[in-house]
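Novice: Dropping the structure in here first, questions after.
The values are calculated or read from the model by the stated rules, or taken from the named source; none is laboratory data. None of these values were measured; they are calculated from a predicted model. Here the Cβ positions follow ideal geometry from the backbone for every residue, glycine too, while neighbour counts run over all protein chains shown. When the accessible area is computed, the model is the full protein with side chains, heavy atoms only, and any ligands, DNA or RNA have been set aside. Shrake-Rupley method; radii C 1.70, N 1.55, O 1.52, S 1.80 Å.
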Amino acid sequence: MKKRTDELGFELAQDPNAREFIQKNQDELITESINEYIQKLIEQKHLTRAELIRRTNLDRTYGYQLLKGMRKLNRNHLLQIAFGLQLTLEETQKLLKTAREAVLYERDQRDVFIISALYNKYSIDMCDQMLHENGQDTLQ
């Protein structure tokens, strides 16, 4: 992906023909499933699914079902996976976008704590502790 999202929006506004836009910008669009993308990240980080599941604190069976696409990943699951993969904020945002979930938003109190935890490279447990101590819903 080379173009910024606002550039794509401007192009689409100038010529709102969806088919032409998609054809012209095929390389800019999300085409892989979230499960394919997570598998790619697991390989890039040189992990196994078992290691990732252990790092996320997900129940082993449930974690495998999520990673295989047998259960739907929600935003909290994706954030747990982001911490398990030790993703940066930018990588976490891409993970959320690929899953078509809301990205972390600096104007949302809970998200601010999660963003801070990502910047500080906290573990998922440390992030949850910070969320809990500040009256926010935890990830787990």
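Novice: Go over the candidates Leu87, Leu73, Leu78 one by one and state the one that is open to solvent by less than 40 Å² (accessible area, probe 1.4 Å) and in a helix (DSSP H, G or I). Explain how you work it out, then say what you get.
Specialist: Details: Leu87 fails: in a helix (DSSP H, G or I); Leu73 fails: in a helix (DSSP H, G or I).
On inspection, the qualifying residue turns out to be Leu78.
Novice: Those residues that are open to solvent by 70 Å² or more (accessible area, probe 1.4 Å), aliphatic (A, V, I, L, M) and either farther than 30 Å from Leu87 by Cα or part of a loop (DSSP other than H, G, I, E, B) (or both), I need them from region 1-51; list them, please.
Specialist: Met1, Ala13
Novice: Among the residues of region 55-70, count how many are over 21 Å from Leu131 (Cα atoms), part of a helix (DSSP H, G or I) and of a type outside the set (Phe, Trp, Tyr).
Specialist: Looking only at that region, the number is 6.
Novice: Given the criterion farther than 23 Å from Arg4 by Cα and of a type outside the set (Asp, Glu), identify the matching residue among Leu67, Leu29.
Specialist: Details: Leu29 fails: farther than 23 Å from Arg4 by Cα.
Testing whether each residue is farther than 23 Å from Arg4 by Cα and of a type outside the set (Asp, Glu) leaves just Leu67.
Novice: Of all residues in region 92-101, count the ones that are in contact with a helix residue (DSSP H, G or I) (Cβ under 7 Å, 6 or more places away or on another chain) and either outside any helix (DSSP H, G or I) or open to solvent by 60 Å² or more (accessible area, probe 1.4 Å) (or both). Reasoning before the result, please.
Specialist: Within region 92-101, the first condition is being in contact with a helix residue (DSSP H, G or I) (Cβ under 7 Å, 6 or more places away or on another chain), and the residues that meet it are 92, 95-96, 98-99, 101.
Checking the rest, the ones that are also either outside any helix (DSSP H, G or I) or open to solvent by 60 Å² or more (accessible area, probe 1.4 Å) (or both) come to 99, 101.
Matching residues across region 92-101 total 2.
Novice: Would you pick out the residues in region 102-140 that are of a type in the set (D, E, K, R), more than 14 Å from Ile81 (Cα to Cα) and not in a helix (DSSP H, G or I)?
Specialist: Going through region 102-140, the residues of a type in the set (D, E, K, R) turn out to be 106-108, 110-111, 121, 125, 128, 133, 137.
Now drop any that are not more than 14 Å from Ile81 (Cα to Cα), which leaves 106-108, 110-111, 133, 137.
Glu106, Arg107, Asp108, Asp137 - these are the residues of region 102-140 that are of a type in the set (D, E, K, R), more than 14 Å from Ile81 (Cα to Cα) and not in a helix (DSSP H, G or I).
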